[in-house]
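First the structure, in the form of structure tokens, and then the observations on it.
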Amino acid sequence: MQKAAALVSLRILLKTVAHPRKASKDLGPAPSPDDEFLKDLHGSFQVRQVDAGSCNGCEMEVHSAFAPVYDAERFGVRLVASPRHADALLVTGPVTKNMSDPLRKTYEAMPEPRLVVALGDCAKDCGIFKGGYGVEGSVSDVVPVDVHIPGCPPHPQAIVEALRGFTGK
Amino acid sequence: MNAVAHLLTSALVALVQLALVAVGGPLLLGVMRKVRSRLEGRVGAPIYQPLLDLRKLFTKQRMRPRESSWLFGAGPLMLVATVVCVSAISPLATTRPPLGQSTDFFAVIFALLLGSVVLALAALDTGTAFAGMGASRSMTIGALAEPALLVAILAMAIPARTSNLPALVRSGLSHPALIASPSRVLALASFLVVILAESGRLPVDNPNTHLELTMIHEAMVLEYSGPDLGFIILGESMRLVFLLGLLVNLLVPWGVANRPGALFFVIGLAALAAKVLVAGVAIAIFEVFTAKMRLFRLPELLAGGFVLALLGAVTAVVGR
Amino acid sequence: MNHVSVLMTALAGLVAAIAGGTLPARSRVGAAVLLTWVSCAAALVAAVSVLRSGHAIVMSTSKILPLTGISLVLTPLGAVFVVAIVVVALASTLYWLGYADHGLSTRSASSALPIFVTSMILVPFAGSVATFLVLWELMALTSLVLVLTDQSRREAARSAAQWYAVMTHAGAAAILLALVLLSAHAGGQTFAQIELHARHLSGALRGTIFVLALLGFASKAGAVPLHVWLPKAHAEAPGPASALMSGAMVNLGIYGIILVGNVLLGGGPVWWWLLVSALGVLSALYGALYAATSSDLKRLLAYSTADNMGLVLIALGASGMFAAAGSHTTAAIAMVAALLLMFNHSLFKGALFLAAGAVQMATGTRDLDRLGGLLKRMPVTGVVFLIGALSVAALPPLNGFVGEWLLLQSLLHALPSTNTAVVITVAVAVAALALTGGLTVAAFVKAMGIGFLGRPRSEEASNAREVPATMQLGAGLLALACLALGLVPMLILPSLELGARGVQRVGVPPPVRGWVSLHLFALHGVLAPSLLAGGLVAAVVATMLARRVSHRRSKPWPALAPAEPWGSGRRTQTVRMQYTATSFAEPLQRVFDDVIRPTRDLDVSPAVESQYYVERIAYRTSNDDVIERVVYQPFIAAVRRWGRFARKLQNGSVHRYLAFGLLALVVVLVVLA
């Protein structure tokens, strides 16, 4: 009985390795970056995620975007721990009063050339939290935003498509 | 004329071996990440992705903490310089590397230690709490891993009557029985534990963690950017390739060029690449199924490595 | 010629002391230093001529000391020690010129320091028991005076001086007993006579003499468990004095052990050397551990001295054991390794203590938790400390690494061996060497990193300025010597081999040779420190060029931007958020908690309203020396108790005292009969 169970798990393991699960919809051809900055990236893009006050809905979608099925890593994108290692910030949520200084500091800690990607409707215009007592403003009120990914929350596919635009893969 | 030709061939051998280690480092990193991705059920980044990462990093801006001194920039330089120096003179693809008569195992290990020490000092120079934590933990692990390492070298050097690295590799080729001897196997098992500790792999340290309080080595490099970061990633991956190369050449020396000639050297390079690839993939598979050990349980692991090395040394003396 | 230089050494030292004691304040230090240099130069001339020719210098006179006379003999072994001491003395006295305003320009200090230096230089010259003991005592007394120069300022200095006085005299008593036993039974006072007759003594007597001498000399060298005075005295002594004590005086403990064990007694059974090695292993591990967990800069250096002397003792013990077991080549290598370790230690410990003295002068504190950022404010001192720290950690391309390598080679090539003691010692020694090496690396990364790097942790540290040029030069000379010996060890190795050969019973050809790469004679072991250094330099230069070339001129941003340190975006990042020495050592301390047993004091004051609300918490932890706490303090307490009990006998009655006198007389008469 145990031998059969072991054999079954080995088969599942081998199948996982041989056929990793990919998104069922074809993601289409790679976008070609024409910006000089993007050409300098040479297909490598490191992202530092900053939660400036979100409800964590966007975080769960980012987590899905880097997990099996959507797998942003195969396009050369990677999450890093320190802004000094990053090319771009991935900011979620409206910027709360407590997080405005830290967000600014995180942006200034990045080496040039640097970008900011605002994720979700809250990052664009505070979404449903507009006017809240703890909310300072949208992300573009605190740091300059280069790309915005709309949605509440955005679909992982949309996140991956946007990130592909930077690496050209 | 003969001397000049000899000098030129030695320089060429050194450069080619060095180039293989330098390119192989990021490639091995890519392979290990790919293995992890596949076992997690994802496709994962292509194997050459770390090379693209490095290429991009060298075009980025360098930043340094405002109150740091010249040591901050010296950290990455020394890390790369030490591993470059030892890779050129070690028996990786051939048992007669340039300056091979003076390639002592102890000298190689202490040279790598110099790189680690300067990196730790550079981390303390940033004046941040995380870097200090990384330096403290890194030095503690280094201090506890050193007994295992030196006694393992002793265990391997006793039967061969020398601590000269090329001679140790050659002794494996000329006396195959030596490789299967319990002393060498135990010593190499201990060496593997030390390699995992010094390179910051699981179960000692998780290289992919984002939680600063769980970092040991990553915490030291949080402050580096641009070419400095590039050098650190390159240096660390080269170090892993170099140590794995020594390990596989001491355990399975067949394929290493033992006679002069370009053909043997090329075979040696290919054998090195293949063996290190196998070792790297094995470590990557092991890492997927292992959890990171609690920091204060690490002395037990390193003590276990020391016991293995001590057993190896004892069997080397007794079993003659 | 040689006799003249020996006389000059003693005379110049004497005149220097007189000058230091009598001249007015402005010129006394300068005159004393100049005359001390003359004395050192004369000694160096004598030592170099001995090492060149291989013949000893012999002088004696019966005039100066009554009853025994003075006998001076400089053998190649002694010459090696003289050179080591002279180098440290030259650098320290140069440093003293700049340090003098810091309390070391008093009459007592200015006359004590020259006598201290001269007596240390002359100890290896001693050729008879009386001469040796007189010089030894002179050295102890003058160093005591130097430790006490800051007495008015610090209570700790007074306590340190007390411990030092008692322990050095207890050690001197043991040495006195051993040497007196030797001369009484071997029929003569001079070392030459003793050497001739010592082998006829019984094994038990030889063993007793060796153990007594070992205890006395090992205490001076700082071997655990007789080391308790060392962290106190070396930490409290002023800059140049602590450099001299740690860099030169402890060597004489080693000299004494070699003198009694190898020269006078002519070598002994394996258990002698087992004892020496055991002391060495204990000292190395204990010293390294306490250095790694200490947050006082000079205490850390003092414990590191105990650690390094432990390594020298391991090498000496290994050498004696290999000789007793019959493998004379490895015994020779081990002895050369011991002398090299000793010489290297003088250089790098001298440099480290001089740099630490400079830090203390510039900031007023020795506490690592209050230092930081000094590399930018005191660049030369910082670099000197860096070179010293890399040397202690035995990293290439500096001199500490060569000594460590040589010791490892001697241990490695002794195996395989049929002698069980040798096998066990080698295995334990290699493990101990490795662990102390690792702990020392951690200790000095801490000392350099927390003390000199990062941001200044206090007002005093941020106001630090570089010290005067003479102090920089003195410390810098020793650091340069470390670098030079690391690149070309052959500069000193032939002299060490000559010194070692004089000590061996069975002569072997020089065991280590080669200028660019070191070769072991008849064994397979090669090291090329200069080539390794060359490779490192080339690699560093290449990497630097690659980094410089990588920046594109076309980009609008600067290649290197100074920025706020990244602290997870925290609003305020104070200097107090950096790691301190205590926190740096905390993981190691936790591992070795059962050995160190730090005392912990936690004081929780609850609020008045309710005991569940805490108003104030005070936490204090201290790493006192555990051997002092567990062995010495109970002993001192017992002595005190016994003294209080004995006081009852002192009731003031003359009749009782007379009765005691009569009783004592009766007992003596009975014993004599």
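Each residue of the range C:336-353 was assigned a 3J(HN,Hα) from its phi angle through the Karplus expression (A = 6.51, B = -1.76, C = 1.60, θ = phi - 60°), giving 4, 4, 4, 5, 5, 4, 5, 5, 4, 4, 4, 5, 6, 5, x, 4, 5, 5 Hz with x at Gly and Pro. Taken as Cα centroids, the range C:164-183 and the range C:331-378 sit 29 Å apart, rounded to the nearest whole angstrom. For chain C, the share of accessible area belonging to carbon and sulfur comes to 66 percent (1.4 Å probe, ligands and nucleic acids excluded).
Taking Cα atoms only, the orientation of helix B:182-198 departs from the longest principal axis of chain B by about 20 degrees.
Cα centroid separation, the range B:1-76 to the range C:7-59: 57 Å. Phi angles of the range B:42-53 translate, via the Karplus equation with coefficients 6.51, -1.76, 1.60 and θ = phi - 60°, into HN-Hα couplings of 9, 6, x, 5, x, 5, 8, 4, x, 5, 5, 4 Hz per residue; Gly and Pro are given as x. Measuring between their Cα centroids, the range C:463-515 and the range B:234-266 lie 37 Å from each other.
If only the Cβ of Lys and Arg carry +1 and only the Cβ of Asp and Glu carry -1, the dipole of the range C:270-542 around its Cα centre is close to 200 debye.
How much length, in nm to one decimal, is gained on full extension between residue C:641 and residue C:491, taken as 0.36 nm per residue of separation minus their Cα-Cα distance? Working it through step by step, the gained length comes to 48.4 nm. Annotation: amide H of residue B:63 within the under-5 Å range of B:225, C:561, sequence separation 5 or more or interchain, hydrogens built in the peptide plane.
If you build a Gaussian network model of chain A, linking Cα atoms that sit under 10 Å apart, which residue out of A:120, A:137, A:43 swings the most? Result: A:43 has the largest fluctuation of those listed. Projecting label points 7 angstrom from Cα along Cα→Cβ for residue A:69 and residue C:180 puts them 9.2 nm apart. Solvent-accessible surface (1.4 Å probe) assigned to residue C:519 amounts to roughly 90 Å². For the range C:171-284, the relative contact order comes to 31 percent (Cα pairs under 8 Å, sequence separation of at least 6). Inter-label distance, residue C:469 to residue B:307: 6.2 nm, where each label sits 7 Å from its Cα along the C-beta direction. Pairs of Cα atoms nearer than 8 Å and 6+ residues apart set the relative contact order; for the range A:61-169 it is 33 percent.
How crowded by other chains is C:432-444, given as the mean number of beta carbons from other chains within 10 Å of each beta carbon? Let's see the in-between values first.
Values: counts 1, 4, 14, 7, 3, 7, 12, 5, 1, 9, 11, 2, 3.
So the per-residue partner count for this stretch is 6.
Its Kirkwood hydrodynamic radius, worked out from the mean inverse distance over all distinct Cα pairs, puts chain C at 26.6 Å. For the range C:379-517, the relative contact order is 35 percent, taking Cα pairs closer than 8 Å that sit 6 or more residues apart in sequence and dividing their mean separation by the residue count.
I need the chymotrypsin sites (Phe, Trp or Tyr not before Pro) found in the range C:598-634, filtered to DSSP loop residues with at most 15 other beta carbons within 10 Å of theirs.
Working: sites: C:612, C:613, C:619, C:632; in loops: C:612, C:613.
Here the sparse-neighbourhood loop sites are C:612, C:613.
For the chain pair C and B, buried accessible area totals roughly 6700 Å², probe 1.4 Å, rounded to the nearest 100. Based on the Stokes-Einstein relation at 37 °C and a viscosity of 0.692 mPa s, and on the Kirkwood radius from alpha carbon pairs, the range C:270-542 is assigned a translational diffusion coefficient of 172 µm²/s. For the residue pairs A:105/B:56; A:169/B:275; A:39/A:105; A:105/B:60, alpha carbon separations beyond 25 Å are given by A:169/B:275; A:39/A:105.
For residue C:418 and residue C:14, compute 0.36 nm times the residue count separating them, minus their Cα-Cα distance, and round to one decimal in nm. Walk me through the numbers on the way to the answer.
Working: separation 404, 0.36 × 404 = 145.44 nm, distance 5.42 nm.
Length gained between residue C:418 and residue C:14: 140.0 nm.
Across peptide C:545-558, how many C-beta atoms of other chains are within 10 Å of each residue C-beta, on average?
Numbers: counts 0, 6, 11, 1, 2, 9, 7, 3, 0, 1, 6, 2, 6, 4.
The mean count of partner-chain Cβ atoms within 10 Å per residue comes to 4.
For the range C:436-488, the set of trypsin sites (Lys or Arg not before Pro) satisfying both a DSSP loop assignment and a count of at most 12 other C-beta atoms within 10 Å is given as C:465.
Given a 1.4 angstrom probe, what's the average accessible area per residue across the range C:417-572, in square angstrom?
41 Å²
Estimate the FRET efficiency between residue B:36 and residue B:267 by the formula 1/(1 + (r/R0)^6), using the beta-carbon distance for r and 30 Å for R0, to the nearest 0.05. Present the calculation step by step, with values, prior to reporting the outcome.
Working: r = 30 Å, r/R0 = 1.02.
Rounded to the nearest 0.05, the efficiency is 0.50.
Counting Cβ atoms of other protein chains within 10 Å of each Cβ in A:37-49 and taking the mean gives 4.
The loop-placed chymotrypsin sites (Phe, Trp or Tyr not before Pro) in the range C:258-338, going by DSSP, include none that has at most 16 neighbouring Cβ atoms within 10 Å of its Cβ. Legend: translational diffusion of chain B by Stokes-Einstein, Rh = Kirkwood radius over C-alpha pairs, 37 °C, 0.692 mPa s; D = 162 µm²/s. Here r is the Cβ-Cβ distance between residue A:9 and residue B:254 and R0 is 41 Å; the resulting FRET efficiency, rounded to 0.05, is 0.75. With Cα atoms as the point set, the radius of gyration and Dmax of the protein assembly as shown evaluate to 33.1, 117 Å. Modelled label positions at residue C:27 and residue C:61, each set 7 Å beyond Cα in the direction of Cβ, lie 2.8 nm from each other. Nonpolar atom fraction for the range B:2-318, defined as the carbon and sulfur part of the 1.4 Å probe accessible area, stands at 73 percent. Scalar couplings 3J(HN,Hα) for the range C:314-331, obtained by applying the Karplus form with A = 6.51, B = -1.76, C = 1.60 to θ = phi - 60°, are 4, 5, 5, x, 4, 4, x, 5, 5, 5, 5, 7, x, 9, 7, 5, 5, 4 Hz; x denotes Gly and Pro. Taking the three principal axes of the alpha carbon atoms in the range C:460-600, the coordinate ranges are 72, 58, 38 Å, sorted in descending order.
The values are calculated or read from the model by the stated rules, or taken from the named source; none is laboratory data. What you are looking at is a predicted structure, and each value in this text was computed from that prediction instead of being measured. Using ideal geometry, Cβ is built from the backbone for each residue, glycine included, and neighbour counts are taken over all protein chains shown. We work out accessible area using only protein heavy atoms, side chains counted, and drop any ligands, DNA or RNA first. Shrake-Rupley method; radii C 1.70, N 1.55, O 1.52, S 1.80 Å.
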